[in-house]
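Enquirer: Below you will find the structure I want to go over with you.
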Amino acid sequence: MMRQAFGMALVWTAAAAPALAQQSAPVDNPGPNAAIQRVTRGEYAYRALKDGRARGSERFELIAHPDDTRTLVMWNDLYARNGQIHGVLRVDGRFRPIETHYTYWTDGKFKGAAYFRLEGATLDGLLRSADGTVGTQRVNVPEAVSFAVHPLAGDGWHAWYVDRERPDEQPGIVVNFDASSDFAAPPSARLQPQSWKYLGREPVTVPAGRFDCDR
């Protein structure tokens, strides 16, 4: 793991504030927020297959922006080990990852947090461990890459690069941001190979309704 230090200087000028009578009152936006085209909110409920008992939940909010980027905000409450994960994931117009920030809690204790940004083939991360240690990480990734911010397999856009016209398996990489219960392990990125094979459309019925999905 590499370490580096950052320095920054700020310079500003100040002017006398206008009298209260001269200050214009703030004006509310006359319409919808221009940065938001669509918002989708929802919640997943985790239940054991054996007896249906609750095993946790996840709340999420997905925002589509006018520049075709998207932001996914999620909170994962995993009953096992009292795990709790907060994450923010941004993707570009193709759904390729841009950046992510996440924090992990296990058994009521802060496990760590990290911020990762992807520029081309270079993934740079700033990590904070449970003991406050700060470090950096840099890895190279292929074009076909996705981010798994926490355990839920549906937490990102993992199949964005899959060519639906190809009948063969297509390789890629998922960056898994470690959510283990090991407090000695920093919340670093691990590259895991994955492959996809498109099998067509399939209807899926869940409590929220019936949806046409890619299989």
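The values are calculated or read from the model by the stated rules, or taken from the named source; none is laboratory data. Keep in mind it's a predicted model, so treat the numbers as computed, not measured. Glycine also receives a Cβ, built like all others from the backbone with ideal geometry; neighbour counts cover every protein chain displayed.
Enquirer: Is there any pair with a first residue in the range 94-115 that is more than 13 Å from residue 130 (Cα to Cα) and a second that is hydroxyl-bearing (Ser, Thr, Tyr) and buried (at least 21 other Cβ atoms within 10 Å of the Cβ) whose Cβ atoms are under 9 Å apart and which are 6 or more apart or on different chains, and what are they?
Expert: Listed by first residue and then by second, the contacts come to 95/146; 96/146; 97/146; 115/100; 115/102.
Enquirer: Does the range 103-111 contain any residue that is at pLDDT 95 or above and either surrounded by fewer than 18 Cβ atoms within 10 Å (Cβ to Cβ) or in contact with a Phe, Trp or Tyr (Cβ under 7 Å, 6 or more places away or on another chain) (or both)? Break it down into steps so the answer makes sense when it comes.
Expert: Applying the first criterion (at pLDDT 95 or above) to the range 103-111 yields none.
Looking through the range 103-111, none of the residues is at pLDDT 95 or above and either surrounded by fewer than 18 Cβ atoms within 10 Å (Cβ to Cβ) or in contact with a Phe, Trp or Tyr (Cβ under 7 Å, 6 or more places away or on another chain) (or both).
Enquirer: If you don't mind, there's one more thing I want to ask. Somewhere in the range 102-113, is a residue of a type outside the set (A, V, I, L, M, F, W, C), out of contact with any strand residue (DSSP E or B) (no Cβ under 6 Å at 6 or more places or on another chain) and under 19 Å from residue 188 (Cα atoms)? Outline the logic, then answer.
Expert: Of the residues in the range 102-113, the ones of a type outside the set (A, V, I, L, M, F, W, C) are 102-104, 106-109, 111-112.
Within this subset, residues satisfying the condition of being out of contact with any strand residue (DSSP E or B) (no Cβ under 6 Å at 6 or more places or on another chain) are 107-109.
Now restrict to residues that are under 19 Å from residue 188 (Cα atoms): 109.
Yes, the range 102-113 has at least one match.
Enquirer: I need the strands (runs of 3 or more DSSP E) fully contained in the range 74-186, keeping only those with at least 3 residues that are polar (S, T, N, Q). Walk me through how you get there before you give the answer.
Expert: Details: elements: 83-91, 97-106, 109-119, 122-129, 134-140, 145-148, 170-177.
Once the strands (runs of 3 or more DSSP E) in the range 74-186 are filtered for at least 3 residues that are polar (S, T, N, Q), what remains is 97-106, 134-140.
Enquirer: Residue pairs, Cβ under 6 Å, 6 or more apart or interchain, first in the range 35-64 and part of a strand (DSSP E or B), second surrounded by fewer than 10 Cβ atoms within 10 Å (Cβ to Cβ) and not aliphatic (A, V, I, L, M). List them.
Expert: Final answer for the pair search is 64/38.
Enquirer: Just give me the residues in the range 156-168 being touching a Phe, Trp or Tyr at 6+ places or on another chain (Cβ under 7 Å) and either surrounded by 17 or more Cβ atoms within 10 Å (Cβ to Cβ) or not basic (Lys, Arg) (or both), in sequence order.
Expert: Once the filter is applied, which keeps residues that are touching a Phe, Trp or Tyr at 6+ places or on another chain (Cβ under 7 Å) and either surrounded by 17 or more Cβ atoms within 10 Å (Cβ to Cβ) or not basic (Lys, Arg) (or both), the range 156-168 yields 156, 157, 159, 160, 162.
Enquirer: I need the full set of residues from the range 110-135 which are under 25 Å from residue 172 (Cβ atoms) and of a type in the set (Ser, Thr, Tyr), in order please.
Expert: Of everything in the range 110-135, those that are under 25 Å from residue 172 (Cβ atoms) and of a type in the set (Ser, Thr, Tyr) turn out to be 115, 122.
Enquirer: Look at residue 100 and say whether it is under 18 Å from residue 147 (Cα atoms) and more than 17 Å from the chain's Cα centre (by Cα). Before you say what the answer is, go through the steps one by one.
Expert: Working: under 18 Å from residue 147 (Cα atoms): yes; more than 17 Å from the chain's Cα centre (by Cα): no.
For residue 100, the condition - under 18 Å from residue 147 (Cα atoms) and more than 17 Å from the chain's Cα centre (by Cα) - is not met.
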